[in-house]
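Notes for the one structure printed next.
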Amino acid sequence: MKLYTGDLSPYSAKVRMQIYAMGITDIAFDLPPSFFMGKLAEVSPIGRIPVLETDEGIVPESEVIAEYLDDLYPDRALVGSSPWQRAQVRLLSRIADIYLMNNIFMVLPQIKRKTRNEAIRDLLINQVNRGMGALEKHIGEGDFAVGDQLTRADCTLVPALFLCESTVPRLDVANPILATTRVAAYWQKIQSNEFAAKILDEMARGMKARLDGTERKMIEAAIEKAKAGKT
């Protein structure tokens, strides 16, 4: 199998963390030139990463990929040990996906102060804060988000909280984690988990590459290579 993924993509990162935690070793990671050329729709009609390529076809969308992997390796599934825990895992993953990551992605164009629409920024940041408030009420108080073992909730929350900490302050608003107690305690603890630490290193690498221009150079090189291969 092959996973189309990028270091900084939080939706890709949640799947990679799940793969690491489940001990799956037969999935290669790749990011095809078509992604940089706006042609990923040739691989997946949705046109976004992550995409999992299997012998039976492609599986798009991070949450669908996560469920597919749990179904494929049920003895390693990261879904919790009871119906209640499984519901909590799905809930926390949903909060992270919809209320945190989705709103952060939509507000990213407002990072540039010269073109910023503060009404749009404030509207979307309010939604992020709303999601953080919900997370504060539902997250567990132990070392993991749900129960006493790592689950898919952790795999989704780690990339989401990385974005909250590293991206939201660039909008000239406070890191929403700072206004919490349970989430802040969880965030401090989960970063020492080996799989979380690996993902955070990868995302930090991706962030550095984007900010220092390395990513742009890699994109340009990939596009030129792809064009040369067609001539």
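The values are calculated or read from the model by the stated rules, or taken from the named source; none is laboratory data. Since we're looking at a predicted model, the values are computed, not measured. Because the Cβ atoms are built from the backbone with ideal geometry, glycine has one as well, and the counts that use them run over all protein chains shown.
Details
- Pairs with Cβ under 8 Å, 6+ apart, first in the range 132-151 and surrounded by fewer than 23 Cβ atoms within 10 Å (Cβ to Cβ), second among the acidic types (Asp, Glu) and in a loop (DSSP other than H, G, I, E, B): Gly142/Asp148
- The numbered conditions (1) surrounded by fewer than 17 Cβ atoms within 10 Å (Cβ to Cβ); (2) modelled with pLDDT of 95 or more are all true for Arg16 except (1).
- Arg48, sole failed condition from (1) of a type in the set (D, E, K, R); (2) surrounded by fewer than 16 Cβ atoms within 10 Å (Cβ to Cβ); (3) in a loop (DSSP other than H, G, I, E, B); (4) within 16 Å of the chain's Cα centre (by Cα): (2)
- Only one entry of Ile104, Ile98 meets the criterion of being in a helix (DSSP H, G or I), surrounded by fewer than 16 Cβ atoms within 10 Å (Cβ to Cβ) and among the aliphatic types (A, V, I, L, M), and that entry is Ile98.
- Unique residue being touching a Leu at 6+ places or on another chain (Cβ under 7 Å), touching a residue at least 12 places away in the same chain (Cβ under 8 Å) and outside the structural domain of Ala145 (by TED's automatic domain parsing) when the list is Ile65, Ile104: Ile65
- In the range 1-30, the residues that are over 15 Å from Val64 (Cβ atoms) and outside any loop (DSSP other than H, G, I, E, B) never reach a residue that is modelled with pLDDT under 95 and among the aliphatic types (A, V, I, L, M) with C-beta atoms less than 7 angstrom apart, at least six apart or across chains.
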